[in-house]
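S.K.: Take a look at the following structure, please.
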Amino acid sequence: MVKDTYFGETLSDPYRWMENDKDREWLPFLKGQNEHTRAVLDTIPGRERLLKRIEQLSGDAATTRLARRAGGKLFFEQRPAGAENFKLFVKERGVTRVLIDPTLLGTATSHLSLDWWEPSPDGAHVVYGLSKDGSEDSVLHVLTVADGRDLPERIANTEAASPAWLDDGTGFFYNQLTGAVDTPERYLDSQARFHRLGADPASDAILMKRGLDPRVEYERIQLPEVQTFSGSEYALLVLTDVRTEFRVFIAPVADAAANKARWVAVAGFEDEITDVAIDSGVLWLLANKDHPRGRILKTSVVAPSVATATEVVPEGALVIQRFQRARDGLYLDMMDGGISRLRLLGRDGQVSEIALPFDGTLRALHGSPDEEGALFSFTGWLAPGDIWSAAADGKVAATGLTPPPPIDVRPYEAKRFFATARDGTQIPYTLIYRKGLRRDGRTPAWISAYGSYGIPAYTPTFAGRILALIDAGFIVGYANVRGGGEYGREWHKGGQLMNKPNTWRDLIDVCEELCAKKYTSRSRLAIGGRSAGGITVGRAMTERPELFAAVIDGVGWSNPLRYVAEPNGYGEEPEWGRISEEAGYRALKLIDSYQHVKDGTAYPAVLLTTGVTDPRVGPFHVAKMTARLQAASSSGKPVLLRVDFDAGHGIGSTRAQQDREAADTYAFLLWQTGVRAYQPA
């Protein structure tokens with residue numbers, strides 16, 4: 001038993017040893033827990049039938065998540081129907097071919113994933129990252145588009161590469177990590193570098209690291225990233241961390257490539273800049289200081305200043321999330337409480353609406369100063385996604401890059417509601433169910449929530465797999481709780497640090513409303529969250545254990561007080577708090593579900609999941625939470641730990657891995673909410 005004292009308070013940590021993945025008991029513990037979980041889940045009647053239905057639904061649907069135009073070519077990333085992984089395609093003169101297929105590069109015991117990619121402006125090359133087994137530990141490659149062959153160079157530790165090409169396509173800037181894998185130093189002290197095609201990567205110039213330039217001082221957790229803009233003689237150096245805002249510096253791009261840039265400060269974190277672009281001698285800024293829903297400013301690249309910048313788009317009712325420049329203006333990605341909107345700031349300075357075909361989620365907005373219009377991914381709760389195009393005349397159209405799946409969505413319905421939180425705040429949530437739903441309190445429901453980093457989460461997205469759960473009798477719901485970005489920075493701050501209880505209490509209040517309105521009842525109610533959503537469901541469960549029949553905690557933050565023990569820990573300090581400061585400790589203790597588990601409490605059934613290569617949330621979080629709940633709960637209900645030894649945070653998992661996890665999750669939910677066909681004999 002380890003005991004820690006923080007600012008006069010002593011906390012016990014009986015499972016501290018799990019933080020050491022070299023401990024001789026660690027892997028046996030994971031394997032033993034997973035074997036027990038498999039023995040339980042595999043005996044649930046109907047699980048295999050459920051898996052087959054999930055495999056059919058996921059296999060029928062192709063998914064395209066990103067498209068870019070370059071050099072007269074269209075590049076897009078798609079997982080075709082029936083495929084296991086996302087692949088990179090190029091379409092030129094009406095002919096489409098595969099450029100990168102990670103499935104062909106794996107082995108019998110290991111799979112590779114395409115992490116990121118960026119075509120050169122002339123479309124002649126693509127720089128891309130591959131990683132093994134969901135680790136996200138990318139190795140950078142460069143591919144020649146004409147023949148599909150890789151150049152010799154390989155650059156390791158490029159998970160956060162964010163490559164930015166020179167206009168002539170002869171080289172690119174990138175970020176490289178310097179910390180050892182699986183250590184708390186992993187994401188500290190990264191470097192901005194420049195690579196010339198054909199050169200030895202070992203000789204790549206280090207353009208920025210801590211201590212290199214006295215004009216650019218920053219903390220270890222911040223990543224230096226150089227950004228370039230087609231047609232501009234200037235580059236930007238941005239310093240980023242877990243916050244949505246970043247610091248901005250500017251210098252001539254030629255000087256940056258030659259490693260002789262004198263970076264001039266443009267904006268600090270206090271200016272709350274969340275997007276930038278350079279176009280025709282103008283530096284465009286998305287500024288949030290004193291304007292929590294954002295406004296668009298412009299200033300000169302020659303003498304840039306936030307203080308004297310001209311306001312072009314004032315703050316309005318919608319949240320400005322990001323923008324993309326095009327020949328016909330700036331396309332603005334807007335957010336309305338979880339629903340995407342699109343606007344165009346034309347060259348005449350007027351903002352016009354571009355009507356989207358349904359309430360959905362717009363992602364991966366992309367434009368080019370050489371072409372009019374923009375591309376974006378667009379999807380809805382019951383509308384399978386595609387890559388869409390928008391034009392200056394306000395017309396939008398699906399490109400047809402994604403074949404529509406043979407899935408009939410007519411039997412289903414998705415409705416948006418607002419619950420009144422205990423402080424009067426209106427919390428949006430969505431329910432998806434089969435038409436003809438009877439509100440008698442007997443229908444099982446699974447409500448998921450996130451609420452962190454100022455990121456809008458659980459916005460309208462088609463997910464074919466969930467139809468299998470809905471067909472089995474469930475309501476599937478999503479709550480847009482505070483801590484996210486659905487209504488801008490005030491919504492984020494309303495669920496951050498000492499305001500963080502609003503996040504899980506918003507979820508609790510949504511669930512209370514569902515029971516009061518007889519959509520479901522406590523014995524039929526489950527909640528779920530992934531990653532930072534683990535805080536949301538973990539604290540909802542520890543605060544109101546009697547409210548829920550089951551909890552799903554996927555790769556979740558369960559023990560954030562111990563962030564110092566994991567690779568992604570120190571980078572979380574701006575969001576969660578700093579353990580070395582009393583205010584930070586108080587905030588961290590508040591959100592730590594592990595420390596809020598109480599012996600002798602009747603906790604609901606819990607399924608926790610992790611992947612052993614997870615670089616974002618250390619597996620020890622859910623492992624410690626599992627052990628603590630198993631020792632503490634008096635309900636007799638199962639507490640299970642599901643471990644994928646060939647996966648990480650879920651990013652990079654194959655379709656088959658996702659299908660199996662969904663089948664396990666849904667079977668567990670159906671079992672624990674009393675659905676007759678899923679009760680073991």
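What follows draws every value from the coordinates through simple rules; no lab data is involved. This structure is a prediction, so every number in the text was calculated from the model and none was measured. So basically every Cβ, Gly included, is an ideal-geometry build from the backbone, and we count neighbours across all protein chains shown.
S.K.: Size of the dipole of the chain about the Cα centre, Lys and Arg at +1 and Asp and Glu at -1 on the beta carbon, nothing else charged, in debye to 20?
M.R.: Working: 80 positive and 88 negative charges, 442 e Å.
My answer is approximately 2120 debye.
S.K.: When a/c is below 1.5 the answer is rounded, else prolate if a/b is larger than b/c, else oblate, so apply that to region 73-153 with a ≥ b ≥ c taken from the square roots of the Cα gyration tensor eigenvalues. Please report the intermediate quantities before stating the final value.
M.R.: On the way: a/c = 2.07, a/b = 1.36, b/c = 1.53.
It is oblate, given that a/c is not under 1.5 and a/b is not larger than b/c.
S.K.: A follow-up question, please. Between R422 and T170, what is 0.36 nm times their sequence separation minus the Cα-Cα distance? Round to one decimal in nm.
M.R.: Details: separation 252, 0.36 × 252 = 90.72 nm, distance 5.78 nm.
Between R422 and T170, full extension yields 84.9 nm more.
S.K.: Once volume of the Cα convex hull per residue in Å³ is worked out from the coordinates, which option in [x] 155; [y] 237; [z] 299 does it equal?
M.R.: Read-out from the structure maps to [x].
S.K.: Working out 0.36 nm times the residue gap between S523 and T96, then minus their Cα-Cα distance, what length gain in nm do you get to one decimal? It would help to have the intermediate numbers written out before the result.
M.R.: Values: separation 427, 0.36 × 427 = 153.72 nm, distance 5.17 nm.
Taking S523 through T96 to full extension adds about 148.6 nm, to one decimal.
S.K.: Still on this structure, please answer the following. When only DSSP loop residues count, what chymotrypsin sites (Phe, Trp or Tyr not before Pro) in region 567-653 have their Cβ near at most 14 other Cβ atoms within 10 Å? If you can, show how the numbers build up before the last one.
M.R.: Numbers: sites: Y570, W576, Y585, Y594, F620, F645; in loops: F645.
Counting only loop positions with at most 14 other Cβ atoms within 10 Å, the chymotrypsin sites (Phe, Trp or Tyr not before Pro) in region 567-653 are F645.
S.K.: Another one. Quick check: the angle from helix 26-41's long axis to the longest principal axis of the chain, C-alpha only, nearest 10 degrees?
M.R.: Approximately 60 degrees, to the nearest ten.
S.K.: Looking at N259, T402, S352, which one has the Cα that reaches farthest to the positive end of the dipole of region 249-403 (charges on Cβ: Lys, Arg +1; Asp, Glu -1)?
M.R.: Highest projection toward the positive end goes to N259.
S.K.: Sticking with this structure for a sec: Rounded to the nearest 500, what is the 222 nm mean residue ellipticity of the chain from helices alone, with -39500 (n - 2.57) per DSSP H run of 4+ residues and division by all residues? Walk me through the numbers on the way to the answer.
M.R.: Values: 11 runs with 118 residues, N = 681.
The helix contribution divided over the chain gives -5000 deg cm²/dmol.
S.K.: Something else now. On a straight-distance basis, which lysines could pair with K637 in a cross-link, Cα separation under 24 angstrom, same-chain partners fewer than 8 positions away excluded?
M.R.: Output for K637: K31, K598, K624.
S.K.: Still on this structure, I have one more. To the nearest 10 degrees, how steep is helix 582-591 against the longest Cα principal axis of the chain, on a 0 to 90 scale?
M.R.: 60 degrees
S.K.: For a 25 Å ceiling on Cα separation, which of these pairs sit above it: K22/K589; K435/K518; K209/K500?
M.R.: Values: K22/K589 27 Å; K435/K518 16 Å; K209/K500 33 Å.
Correct reply: K22/K589; K209/K500.
S.K.: Work out the charge dipole of region 15-106 with +1 on the Cβ of Lys and Arg and -1 on the Cβ of Asp and Glu about the Cα centre, then indicate which of L41, A61, F29 is farthest towards its positive end.
M.R.: It is A61, whose Cα lies furthest towards the positive end.
S.K.: How about K87: which lysines have a C-alpha closer than 30 Å to its C-alpha, ignoring those fewer than 8 places off in the same chain?
M.R.: Straight-line reach from K87, under 30 Å: K52, K73, K132, K395.
S.K.: Highest mean first, how do 41-54, 333-346 rank when packing is the count of other Cβ atoms within 10 Å averaged over residues?
M.R.: Values: 41-54: 17.3, 333-346: 20.6.
Answer by packing, highest mean first, reads 333-346, 41-54.
S.K.: Moving on to the next point. So if we plug the beta-carbon distance of T461 and E9 into 1/(1 + (r/R0)^6) with R0 = 60 Å, what FRET efficiency do we get, rounded to 0.05? Working shown, then result.
M.R.: Working: r = 41 Å, r/R0 = 0.69.
Between T461 and E9 the formula returns 0.90.
S.K.: Mind checking the angle between helix 501-516 and the chain's longest principal axis? C-alpha axes, 0 to 90 degrees, to the nearest 10.
M.R.: It works out to around 50 degrees.
S.K.: Just how large is the dipole of region 544-602 about the Cα centre, in debye to the nearest 20, putting +1 at every Lys and Arg Cβ and -1 at every Asp and Glu Cβ? List each step's numbers first, then the result.
M.R.: Values: 6 positive and 10 negative charges, 32 e Å.
Computed charge dipole of region 544-602: roughly 160 debye.
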